[in-house]
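Below you'll find the structure, written out as structure tokens, and then a few comments.
Derivation of every value follows stated rules applied to the coordinates shown; laboratory data play no part. Worth saying up front: this structure is predicted, and the values here are computed from it rather than measured. Cβ coordinates were reconstructed from backbone atoms using ideal geometry, including for glycine residues, and neighbour counts include every protein chain displayed.
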Amino acid sequence: MKRRLCLILAALLVGTFASAQARAQLSIMCNVAGAQVFLSGQAVGITNPNLTVVVRPGVYIVRVAMQGFIDFESKVAVDVRGAALNVILQPNSQGVQNFAPGDINSNQPSPQGIVEGGGPAGDNNAPPPAPAPVPQILSYQVSVNANVNGALVFVNGQQVGQTPCATLLMPGSYTLLVRAPGFLDYQVPLNVTGPQSLDISLQSPTAPWQLRVPEGMYNREAEAGRGMRIWIDGILQTVDHGQASGQLAVGGHVVRIAAGDLVSETHVDVQIGKSYVFEPFLGISVK
């Protein structure tokens, strides 16, 4: 009899401990990618367009917000089986005031969402919800550094900061975009499975070039207009004491160099991340 009683008590203790440690998935299914999701006032991630959050069972207030749309807010009861919430963001075409961040107790009516395993959130026949537990969120810090300070960082089209930048993201797949004036956009897929630190090199859309004339070729006594000259795409460049430089756009260009009556022409395919030196040469063939 005592042994049976001990087994029963042990089973109850194990069940109570397992219940306290239980986790469940709350799936947010949204019609817009890049919207911010708040769970009981805490930012938990960005829709892609969907988002899954791992939490303890309980009742939560879900708010989804994005610039240009009316905020969505709904209560969700999450049990050990998990729950799902359909979110339809409506364009803010009538100037409706969005909720301020963290203002989950607004007096404005909340949109109604359907929760898996139950009826509409906020059902009048439902018992009063218990206080929402503190969400146990599995999110990771993603740091973005670039060779240009102040470059804008976007995740799924939503700006999350400027370089150097650090943001919290839920596990999942995203699109990372880094943008700065005068540089080409840097865009890559981002798969978040843990903390990450990204070092990004933004590239200029142009490449530097220079004319370098060997000392033995430059005629310092040449008459005006008869010294070393260089044309790029038919445009005469300024040459000072046999030196010239500038920037070339990416793509094909025609470079022509003249020294006195001698002319040479070539085609150059300019690529990002390279620099170009145009150096004429002159030899003497003895026959």
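Here are a few things to note about the model shown:
- Under a 5 Å amide H cut-off, with hydrogens placed 1.01 Å from N, V32 pairs with L89 among residues at least 5 apart or on other chains.
- Calculated SAXS-style log₁₀ I(q)/I(0) at q = 0.18, 0.19, 0.20, 0.24 Å⁻¹ - segment 138-201, Debye, Cα scatterers: -0.56, -0.63, -0.69, -1.00
- Rg/Rg_ref, segment 20-85, where Rg_ref = 2.2 N^0.38 Å and atoms are Cα: 1.06
- The peptide list 177-188, 81-92, put in order of mean Cβ contacts within 10 Å with the highest first, becomes 81-92, 177-188.
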